[in-house]
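Engineer: Pasting in a structure now, in structure tokens, and then I'll have a few things to ask.
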Ligand code: HAM
């Protein structure tokens, strides 16, 4: 035998049982989105590397070390998409969607790729369900999207998912805050971890994310952006919060909430579940009012979120739904063509029908039909069929040509 080949590290196969669980997540999401006026969009699995470098941000972990990038053979660098927001914005610009009535509300469900160190709940290929609303900065869009994610998680049974909420202000406020924060970090650099120290000027905000006690102590007294919002951002944030309260969505104000992507402005949020362990983020997102312009489109406000399907399944502890049993199992003792025709006719009539495909004895075929939970077991015998109702335990012989009508009427 040749040596075996395993799936690449950090990837997984979706086997039928798992597919059934994921189908519940996808169906619930689709129903919620469509009810709220979101339409499906899907973008390619790979994009120009430049899209993520510019969109997600050069200083982020994603762009610095987690992208699967490759040369397309013609000297152009392509990247397996690590996230969906920059691609949706690219599609929005490319298809002139700014000409559509605002906001343009879109959702997607598909695989994403990040070269992270695999661990429980963290994969190199994972699936996200996500939504983006482009063309409006109305705080009700922020609230609507947060409520949608809260509802999705609640409906699926992620009861312990907690919502953290913050505002990252506008780029000007943030730039001056970054300078203040960087100055504060330089003043205390002796207590900071080497990684944080080395990134003070590149991205001082990431210091809020650090785990080491020294940095944490410094950050506890650091200036907070949320206390420095300008009046327009403060009012926008207050309105988002009051709409969430109106919707009965509980949240925790968290001034230290840092998202791993650079495009955010104003509202940011994340749902975390304790049942997930280290990778507690189930889903998150925020506003990105400068992103469309950054990738070559007209100035366009936008907001969205994405949630990991694997993490939702883990946090919700979804049960595997039982498969639908067949209505009819067609058995035969060599009359393959007649059984095959019957199976096709039964399916045409809308019945769930299976036929013997593994050369079992008639006794073995009945066992198989029982294992599958089939209602009827039909043995093809020339022009007639011996039909057994496996639930009622009755048996009759009828014309083969009459079988399907007889079962449809049953
Ligand atoms: P993100 O926080 O990077 O945001 O990812 C969103 C969700 O994807 C996470 O909360 C997590 O559930 C899942 N996820 C991320 N990385 C992994 C991984 N390696 N393995 C398993 N699951 C993972 C974004 O991607 C933004 N595009 C969200 C957004 C949309 N912001 C605005 N619009």
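Engineer: What three numbers, in Å, describe the spread of the alpha carbons of segment 1-153 along their principal axes, ordered from the longest?
Structural biologist: That gives 59, 42, 25 Å along the principal axes, largest extent first.
Engineer: Let me know the Kirkwood hydrodynamic radius for segment 238-302, please, with Cα pairs as the basis and the value in Å to one decimal.
Structural biologist: 13.7 Å
Engineer: Across segment 257-393, what fraction of all alpha-carbon pairs, as a whole percent, falls in each successive 5 Å bin from zero upward?
Structural biologist: Once binned at 5 Å, the Cα pair distances of segment 257-393 give 2, 9, 13, 12, 8, 5, 5, 5, 6, 8, 9, 8, 7, 4, 1.
Engineer: Moving to a separate point now. Write down the radius of gyration of segment 111-165 and its Dmax, each obtained from C-alpha positions, in Å.
Structural biologist: 14.4, 38
Engineer: Let me ask another. For the chain, compute Rh as the Kirkwood radius over C-alpha pairs and then the Stokes-Einstein diffusion coefficient at 10 °C and 1.306 mPa s; write the answer in µm²/s, rounded to an integer.
Structural biologist: Using the Kirkwood radius from Cα pairs, D works out to 64 µm²/s.
Engineer: Is segment 286-366 rounded, prolate or oblate when judged by the Cα gyration tensor, a ≥ b ≥ c being the square roots of its eigenvalues, rounded requiring a/c under 1.5 and prolate requiring a/b larger than b/c?
Structural biologist: Here segment 286-366 falls in the prolate category.
Engineer: Measuring from label point to label point, each 7 Å out along Cα→Cβ, what is the residue 13 to residue 217 span in nm?
Structural biologist: Taking the simple label geometry, residue 13 and residue 217 are separated by 5.2 nm.
Engineer: Same structure again: Can you tell me the FRET efficiency between residue 228 and residue 186 if r is taken as the Cβ-Cβ distance and R0 is 22 Å, rounded to the nearest 0.05?
Structural biologist: 0.70
Engineer: So, one more: Could you give P(r) for segment 85-218, binned at 5 Å from zero, as whole percent values over all Cα-Cα pairs?
Structural biologist: In whole percents, the pair-distance histogram is 2, 8, 12, 12, 15, 17, 16, 13, 5, 2, 0.
Engineer: Please report the antiparallel percentage of the DSSP beta bridges confined to the chain, to the nearest 5.
Structural biologist: Counting only bridges with both partners in the chain, antiparallel ones make up about 85 percent.
Engineer: Count the DSSP beta bridges whose two residues both fall in segment 321-410, then state the antiparallel fraction as a percent rounded to the nearest 5.
Structural biologist: So the antiparallel bridges amount to about 65 percent of the total.
Engineer: Next question. Quick one: give the max-minus-min coordinate of the C-alpha atoms of segment 159-234 along each principal axis, largest first, in Å.
Structural biologist: 37, 36, 20
Engineer: Once you sort the root eigenvalues of the Cα gyration tensor of segment 192-258 as a ≥ b ≥ c, which label holds: rounded (a/c under 1.5), prolate (a/b larger than b/c) or oblate (the other case)?
Structural biologist: Note, shape of segment 192-258 comes out prolate.
Engineer: Going by how many other beta carbons lie within 10 Å of each one, how would you line up 117, 81, 30, 241, fewest first?
Structural biologist: Fewest to most other Cβ atoms nearby, the residues stand as 117, 30, 241, 81.
Engineer: When the convex hull of the C-alpha atoms of segment 1-90 is computed, what volume per residue in Å³ does it have?
Structural biologist: 165 Å³
Engineer: What's log10 of I(q)/I(0) for segment 85-125 at q = 0.15, 0.20, 0.35 Å⁻¹, Debye sum over Cα points only, no solvent?
Structural biologist: Once normalised to I(0) and log-transformed, intensities are -0.54, -0.71, -1.20.
Engineer: Equivalent ellipsoid semi-axes for segment 140-188, as square roots of 5 times the alpha carbon gyration tensor eigenvalues: give them largest first, rounded to whole Å.
Structural biologist: Semi-axis lengths for segment 140-188 are 35, 15, 5 Å.
Engineer: Please work out how much length the chain gains when fully extended from residue 98 to residue 405, using 0.36 nm per residue of separation minus the C-alpha to C-alpha distance, in nm with one decimal.
Structural biologist: Residue separation times 0.36 nm, minus the Cα-Cα distance, leaves 105.1 nm.
Engineer: Could you compute the FRET efficiency for residue 384 and residue 117, with r as their C-beta to C-beta distance and R0 at 56 Å, rounded to 0.05?
Structural biologist: 0.30
Engineer: Same structure, new question: At 1.002 mPa s and 20 °C, plugging the Kirkwood radius over alpha-carbon pairs of segment 41-119 into Stokes-Einstein gives what diffusion coefficient in µm²/s?
Structural biologist: Calculated translational D: 158 µm²/s.
Engineer: Past the 14 angstrom mark, what percentage of all C-alpha to C-alpha distances in segment 350-397 do you count?
Structural biologist: More than 14 Å apart: 52 percent of the Cα pairs in segment 350-397.
Engineer: Please compute P(r) over all alpha-carbon pairs of segment 160-308, binned at 10 Å starting from zero, and give each bin as a whole-number percent.
Structural biologist: With a bin width of 10 Å, the distribution comes to 11, 37, 36, 16, 1.
Engineer: Oh, and also: Counting helices only, and only those DSSP H runs with n ≥ 4, report the 222 nm mean residue ellipticity of the chain as the sum of -39,500 (n - 2.57) divided by its residues, in deg cm²/dmol to the nearest 500.
Structural biologist: Rounded to the nearest 500, it is -11000 deg cm²/dmol.
Engineer: Right, something else. On a 0 to 90° scale, report how tilted helix 336-348 is relative to the longest principal axis of the chain, with both axes built from alpha carbons and the result rounded to the nearest 10.
Structural biologist: With both axes taken from Cα atoms, the answer is about 50 degrees.
Values in this text are rule-based calculations from the coordinates and carry no lab data. Remember, it's a predicted structure, so these values are computed and weren't measured experimentally. Backbone-built Cβ (ideal geometry, glycine too); neighbour counts: all protein chains shown.
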